[in-house]
Amino acid sequence: MGIPKHPERGLLFSGLLYSDTFVYSQTIPVLKDMFGEIYYESPALSWSHSNFYKEELGLPILRRFIFFDGIYDPSRLADSKLIANNIEQQFSIDGKRRINIDPGYMTLAKVVLASTKNYSHRIYLDKGIFAELTLINIKGKFQPLLFTYPDFKETPTLDIFHHVRNMAHSSNVIKLS
């Protein structure tokens, strides 16, 4: 019989999509108030994987990843997604988002995203929120899976996650449990 253990702890991050840099700059202090200081902020990457966000966010769409300082308890992922949804609403105009905030967490072994959408590969967490295993670590490198979002499969995104993983591991911010 296995003995239940606490899950491996990691770093909370948010993937942000936006086109208005002013809205992005206004969102950062709110994210910090809710999730803590920034451990790492990625450079802006061009994002053109779908027309889904064009109407709400405008063009050109940019992608950034914000990693938050401190050890993150994965059992809080559903609450983190609900907080992110509330922040999106704060910056919405006439029901249209001006920024998309997708929280997740990264451990040495994996990257997990939160979603409000159910699908065959997503696991229900709580409060209408699902978890999606997005990247797994094989021999020190994050690898995408069948259902991984296209931008998470690209080298610039993989490089960001690999870089932050190495930073956090070398400074003992996160470690295997």
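Laid out as a table, the results:
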read-out: Cβ-Cβ under 8 Å pairs, at least 6 apart or on other chains, the range 148-177 side assigned to a helix (DSSP H, G or I), far side loosely packed, with under 13 Cβ neighbours inside 10 Å and of a type in the set (D, E, K, R); value: LEU158/LYS141; HIS162/LYS141
read-out: From GLY128, GLY140, residue being more than 16 Å from the chain's Cα centre (by Cα), farther than 17 Å from ILE101 by Cα and either crowded, with 18+ Cβ neighbours inside 10 Å or free of Cβ contacts under 8 Å to residues at least 60 places away in the same chain (or both); value: GLY140
read-out: Counted residues, the range 42-61 - those being in contact (Cβ under 8 Å) with a residue 24 or more places away in the chain and among the hydroxyl-bearing types (Ser, Thr, Tyr); value: 2
read-out: Scope the range 1-41; condition without any contact (Cβ under 8 Å) to a residue 12 or more places away in the chain and within 25 Å of ALA109 (Cα to Cα); matching residues; value: MET1, GLY2, ILE3, PRO4
read-out: Yes/no for SER171 being more than 16 Å from TYR72 (Cβ to Cβ) and either modelled with pLDDT under 95 or aliphatic (A, V, I, L, M) (or both); value: no
read-out: Verdict on LEU108 being of a type outside the set (D, E, K, R) and either in contact (Cβ under 8 Å) with a residue 24 or more places away in the chain or surrounded by fewer than 16 Cβ atoms within 10 Å (Cβ to Cβ) (or both); value: yes
read-out: In the range 53-73, residue nearest to the chain's Cα centre (by Cα) [restricted to those that are loosely packed, with under 13 Cβ neighbours inside 10 Å and of a type in the set (A, V, I, L, M, F, W, C)]; value: ILE71
read-out: Strands (runs of 3 or more DSSP E) enclosed by the range 1-80 - at least 1 residues per element that are touching a Pro at 6+ places or on another chain (Cβ under 6 Å); value: 11-18, 45-47
read-out: Residue count, the range 24-52 (criterion: modelled with pLDDT of 95 or more, over 15 Å from ASN86 (Cα atoms) and more than 17 Å from the chain's Cα centre (by Cα)); value: 1
read-out: Lone unmet requirement of (1) surrounded by 21 or more Cβ atoms within 10 Å (Cβ to Cβ); (2) under 25 Å from PRO144 (Cα atoms) for ARG76; value: (1)
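The values are calculated or read from the model by the stated rules, or taken from the named source; none is laboratory data. Remember, predicted model here, so these are calculated numbers, not experimental data. Here Cβ is always computed from backbone atoms with ideal geometry, including for glycine, and neighbour counts include all displayed protein chains.
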